[in-house]
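Participant: Pasting in a structure now, in structure tokens, and then I'll have a few things to ask.
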Amino acid sequence: MIRRGIKVTACVLAATITISGNAITVHATSMDSVLPAAGLGLTLEEGDSLKNVDRATTATTQKEIIEPLAAVSAEEEIAEEVQEDFSNLVIAQVNDYVNVRSIPSEEGEIVGKLYDKSVGNYLEEENGWYKIESGNCTGYVKAEFCVTGEEAVELAKEVGTRIATVTTTTLKVREEPSTDATVLGLVPIEDELTVSEEIDGWVKVDIEEGTGYVSEEFVTLSTEFVKAESKEEEEARLAKEKAEREAARAAAAAAAAQNATQNATGSTSATTGTTPTVSGSSTGAAVANYGLQFVGNPYVYGGSSLTNGTDCSGFVMSVYANFGVSLPHSSAADRNVGSDVGGLENAQPGDIVCYSGHVAIYIGNGQIVHASTAKTGIIVSDANYRQPLAVRRIF
């Protein structure tokens, strides 16, 4: 795990010497308000001089002061680092989106859109406009439609998704924050888990088997935000959506023609299993139907056999391999394949639905097919049984 470094700033001490009777007392007072007011005191016996002070004693005394100071400074600095992470953010607060322009003026060319609750990095301010960098988009947004500073720090905690990325080969998720607790499930390296709480070296995460705890030692923590969409990205998305709508209409027309022919000839086609409603591409529906053939087969951690046992990402990978598509054996990596569809409300059969530490295939009618757990195997579930992190489209 990559640990966060802590900077400890050394403070200059001014020493005052008081001679009283046969003892010389050295008092060190702080030149910096960070140090405790009590300061540092050393007493020399009669006949001793400052040069004869036992260095080990001095080092021990210094350690006793520096260690509590370092602990306090560490806590303060961690809080400051969290503040710094978010204080440079610009977050849109609008009904839909605010335009990102090439210059700080409404006359500027629109180079992208910063949607509501989307986030950019603050670069500078000019005449009531913020220059930001967000995703593949750099430009200016009107300050009146965004929040920054302390307000952005607080809002970032609500709109950001805290993610724990696994850094060990196989991570044990436990029922309680203790190495003695029962193991709830296993998660492979590089998987990304949604974090709900961070306490005493443990992180509370969501996995397919339920909510559990992982040691902070074996994950790296980060916060994800929705970024701006550039003009080029929007144009590409709209073109792709148009093509998909046309393909869906063509598929629906072909299905209607086939049904009409079958009705005219009196023939029917037998189907087995659960068939999703064809509302997307014909290939996507075929992917969903193919995955449904394996419902009831076993779940095996690390596996990719649709008959003898597979885990969630192995299931998605193997189903898509049947259609000539190579996908990674990783639920985290699946979040970056294909194109984003904007949520379950836009999902079509064959889309890949990504959750915290889990992935599934959408089959239509608000349902998914997935290799769930060792207890359940490959099953059909409601797609919203957990909060999806992304929905990705291949076909």
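The values are calculated or read from the model by the stated rules, or taken from the named source; none is laboratory data. Bear in mind that the values here come from a model prediction, so they are computed numbers and not experimental data. For neighbour counting, all protein chains shown are included, and Cβ atoms are generated from backbone atoms with ideal geometry for every residue, glycine included. These area figures cover heavy atoms from the full protein model, side chains too; ligands, DNA and RNA do not enter into them. Shrake-Rupley method; radii C 1.70, N 1.55, O 1.52, S 1.80 Å.
Participant: Tell me, please, whether a residue that is modelled with pLDDT under 95 and farther than 26 Å from residue 194 by Cβ can be found in segment 325-333.
Facilitator: yes
Here is a yes/no grid of residues against (1) open to solvent by less than 40 Å² (accessible area, probe 1.4 Å); (2) at pLDDT 95 or above; (3) over 15 Å from the mean Cα position of the chain (by Cα):
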| position | (1), (2), (3) |
| --- | --- |
| 149 | yes, no, yes |
| 154 | no, no, yes |
| 158 | no, no, no |
| 161 | no, no, no |
| 177 | no, yes, yes |
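Participant: Just name the residue that is nearest to residue 162 (Cα to Cα) out of those in segment 368-387 that are open to solvent by 30 Å² or more (accessible area, probe 1.4 Å) and either in a loop (DSSP other than H, G, I, E, B) or among the hydroxyl-bearing types (Ser, Thr, Tyr) (or both).
Facilitator: Only one residue tops the list, namely 387.
Participant: Tally time: how many residues in segment 267-294 are loosely packed, with under 15 Cβ neighbours inside 10 Å and modelled with pLDDT of 65 or more?
Facilitator: 0
Participant: Let me ask another. Looking only at segment 337-367, filter to residues that are among the β-branched types (Val, Ile, Thr), within 24 Å of the chain's Cα centre (by Cα) and over 11 Å from residue 312 (Cβ atoms); which one of those is surrounded by the most Cβ atoms within 10 Å (Cβ to Cβ)?
Facilitator: Restricting attention to segment 337-367, the residues satisfying the condition of being among the β-branched types (Val, Ile, Thr) are 337, 341, 352-353, 359, 361, 363.
Of the ones still in play, those that are also within 24 Å of the chain's Cα centre (by Cα) are 337, 341, 352-353, 359, 361.
Adding the requirement that they be over 11 Å from residue 312 (Cβ atoms) leaves 337, 341.
Working: 337: 19, 341: 23.
The qualifying residue surrounded by the most Cβ atoms within 10 Å (Cβ to Cβ) is 341.
Participant: Also: Are there any pairs with C-beta distances below 7 angstrom linking a residue in segment 171-191 that is closer than 12 Å to residue 210 by Cβ to a residue that is of a type in the set (S, T, N, Q) and assigned to a loop (DSSP other than H, G, I, E, B), with the two at least 6 apart or on different chains, and if so which?
Facilitator: 174/182; 175/182
Participant: While we're here: Can you tell me which residue is surrounded by the most Cβ atoms within 10 Å (Cβ to Cβ) among those in segment 181-213 that are among the polar types (S, T, N, Q) and part of a strand (DSSP E or B)?
Facilitator: Filtering segment 181-213 for residues that are among the polar types (S, T, N, Q) and part of a strand (DSSP E or B), the one surrounded by the most Cβ atoms within 10 Å (Cβ to Cβ) comes out as 194.
Participant: If we keep just the residues of segment 220-255 that are in a helix (DSSP H, G or I) and at pLDDT 90 or above, which is nearest to residue 167 (Cα to Cα)?
Facilitator: 233
Participant: For residues that are of a type in the set (A, V, I, L, M, F, W, C) and in contact (Cβ under 8 Å) with a residue 24 or more places away in the chain, scanning just segment 225-247, find the one that is surrounded by the fewest Cβ atoms within 10 Å (Cβ to Cβ).
Facilitator: Filtering first and then ranking leaves 247.
Participant: Counting just the residues of segment 159-180 that are among the hydroxyl-bearing types (Ser, Thr, Tyr) and in a loop (DSSP other than H, G, I, E, B), which one comes out farthest from residue 300 (Cα to Cα)?
Facilitator: Once the filter is applied, the top-ranked residue is 178.
Participant: Right, here's the next one. Yes or no: residue 205 among the β-branched types (Val, Ile, Thr), within 19 Å of residue 329 (Cβ to Cβ) and under 12 Å from the mean Cα position of the chain (by Cα)?
Facilitator: So residue 205 fails the test.
Participant: How about segment 214-240: which of its residues are touching a helix residue (DSSP H, G or I) at 6+ places or on another chain (Cβ under 9 Å) and either farther than 16 Å from residue 138 by Cα or of a type in the set (Phe, Trp, Tyr) (or both)?
Facilitator: Hits for segment 214-240 are 223, 225.
Participant: Checking the structure you have, find out if any residue of segment 305-312 is out of contact with any Lys or Arg (no Cβ under 9 Å at 6 or more places or on another chain), assigned to a loop (DSSP other than H, G, I, E, B), among the acidic types (Asp, Glu) and in contact (Cβ under 8 Å) with a residue 40 or more places away in the chain.
Facilitator: Yes: one or more hits.
Participant: A further question follows. Taking only segment 334-353 into account, find how many residues are farther than 19 Å from residue 193 by Cα and assigned to a loop (DSSP other than H, G, I, E, B).
Facilitator: Looking only at that region, the number is 8.
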